[in-house]
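The values are calculated or read from the model by the stated rules, or taken from the named source; none is laboratory data. All values reported here derive from a predicted model rather than from experimental measurement. In this analysis, Cβ positions are derived from the backbone assuming ideal geometry, glycine residues included, and neighbour counts consider all displayed protein chains. Each accessible area value is taken on the protein alone, full model and side chains, heavy atoms only, with ligands, DNA and RNA left out. Shrake-Rupley method; radii C 1.70, N 1.55, O 1.52, S 1.80 Å.
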Amino acid sequence: MSGDYKNMVTRPMKVLFFANTEWYLFNFRLALAKHLRKRGVEVVMISPPGPYGKKLEEEGFRWIPVPMARRSLNPLREAWLLWKLIRIYQTEKPDIVHHFTIKCVVYGGLAARLVGIKGIVGAVAGMGFVFASSSALAVMLRPMVRVLLQIALGGRKCRLILQNPDDLNAFVSASIADPANVRLIPGSGVNTDRFSPTLKSSASEGSKKVLLAARLLWEKGIAEYIEAAQQLKALGYSVDFLLAGEPDMGNPNSVQQEQVETWKQAGIIKPVGHVVDMAELLKSIDIMVLPSFYREGVPRSLIEAAAAGLPIVTTDAPGCRDIVENGVNGFLVPVRDSNALAEALCKILEDPALASRMGEAGRSKALAEFDERLVFEKTVEVYRELVPKL
C-alpha cells in the first residue's frame, strides 16, 4: 500500500465552514461544528477577521481569516478574495465546503468548483439584501448575482440548503438552483435543553416585558415596533419594550446608533445591545416580537422564544410564518402594520391564560421541528449525499 493511499484512507474527513462574519460562525454554527467534531470530522472555519475568531480558536477550531468586505464592489478586491479562497481550498483539501450567506455561497462555490472539491454545500437563510431590497443598488446587482449563483451551485455534487418553502419557490422559479439539489432544513436549530420554559421565572409584579431581538435593520420592523410601543404607552399599558441587537454597519439599511439613543431618551424603548446569553434574558421576557419584512430564513430569535415557552407576535411573511401558527403559539400580523402589531400585543397582555397556552404550543413546536439535534442530523444527511463515507 502506497503512503499516499494510506493517508487518503486514514485521514479524518474535513469540512470547511465559510461565512461572512466570524460572529455568525460562533453564534450560529459552533454547535454544528462541535457535533461534527464528536463524529471524528475536522472542521476548519473561514471568515473575515474579527474578535470572534479568537473565540473560535479557544473552542479548539482552526480559523482562517480572509480579506472579505461584505459591501465591496471593487473588482480587484473581489478577485483577490476569490484567489485567496482558491489557495486555501488547494491547501486544506477539504472533503466538503459549507458556505453560509449568498456572497459566501457565490465566492466559495466558484473557488470550490475550480479546485475540484468533492462536496459543495450552500446555505442561504433568507433572500438577503440583493434579492429582498428594492433599492437601486440591489436591483442593479440582482441579475449578476443570479448568474453567479447558478454557476456556483451547478453540478450534481452541489447542494443548496434553504430554510423555508417560500425561498425554495423563489430560487427554483428564478432558475438559480435545480430543485433536485435543494434541501429544506429549518434554521440552524436551537438547544431546547438550554432554551426551556423551566428557565423562565414566575410572573413578577410590575411592568411586562416585550422583546425584539435582531440585527438592527429597518427591514426587521424596527420602525413598526417603535410605533406599536408608542401606541401601548399612550393607552396606559405598563410595558417595557426591549430592543436587543446592534446596528449592522455592513448593511446599507442599518438603523444608526444615534437613532437608537433618541428612542431611548424619549422613553420608548430600553436598548440592551448585544446579548451574550439570550437564554438568560428570555427568563424575564413575556412576549417576543419580530415585525420583519426582511425575507427571513427561519429567524433564530423566534425559535429560541418558542423553545422558551413565550408567545410570539410576528409578521405573516416568509420564515416567520414557519414558526408561528396564527392564534396557536402567537399571532401573525400584516407587514408594515404597527396598528395590527399593537392590537396583537394587547390581546396577549390582557389574557394571561392565552399567553400561557401559546407558550406551551410554541414549546411543543420547537421540540418537534427546531431542536438542534434534528438540524444536525439533517445536515449530516446532506453531507452523506455528497461524501458517503461520513
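What does the C-alpha gyration tensor say about the overall shape of the chain? Classify as rounded when a/c is under 1.5, otherwise prolate if a/b is larger than b/c, or oblate. Prolate is the answer for the chain, as a/c is 1.5 or above and a/b outweighs b/c. The overall shape of segment 145-231, judged from the alpha-carbon gyration tensor, is oblate: a/c is not under 1.5, and a/b is no greater than b/c. Quick check on segment 196-318: take the gyration tensor over C-alpha atoms, sort the square-rooted eigenvalues as a ≥ b ≥ c, and tell me if it's rounded (a/c under 1.5), prolate or oblate. Verdict is oblate for segment 196-318.
Only Cα pairs within less than 10 Å get springs; with that Gaussian network setup on the chain, which residue of Ala33, Ala138, Ala306 has the largest fluctuation? The residue with the greatest mean-square fluctuation here is Ala138. One decimal place: the segment Glu258-Ser207 gains 15.7 nm when fully extended, by the rule 0.36 nm per residue minus the C-alpha distance. In a Gaussian network model over the chain where Cα atoms closer than 10 Å are linked, find which of Arg11, Arg62, Arg194 has the largest mean-square fluctuation. Looking only at Arg11, Arg62, Arg194, the biggest GNM fluctuation is shown by Arg11. Computed extension gain for Ser173 through Glu57, at 0.36 nm per residue and net of the alpha carbon distance, reaches 37.7 nm.
Ordering Ala307, Ser196, Val147 by Cα displacement along the dipole of the chain toward the positive end leaves Val147 in first place; charges were set at the Cβ atoms of Lys, Arg (+1) and Asp, Glu (-1). Average accessible surface for segment 61-123: 44 Å² per residue, computed with a 1.4 Å probe over protein heavy atoms with every protein chain in place. Using the Cβ-Cβ distance between Arg37 and Leu73 with R0 set to 35 Å, the FRET efficiency from 1/(1 + (r/R0)^6) comes to roughly 0.45.
If r is the Cβ-Cβ distance from Trp83 to Glu385 and R0 is 25 Å, what FRET efficiency results, to the nearest 0.05? It comes to 0.25.
For the set Lys54/Lys208; Lys55/Lys209; Lys93/Lys220; Lys34/Lys365; Lys283/Lys347, the pairs lying more than 29 angstrom apart at their alpha carbons are Lys54/Lys208; Lys55/Lys209; Lys93/Lys220. Comparing mean-square fluctuations of Ile46, Ile287, Ile64 from a GNM of the chain with C-alpha springs under 10 Å, the top value falls on Ile64.
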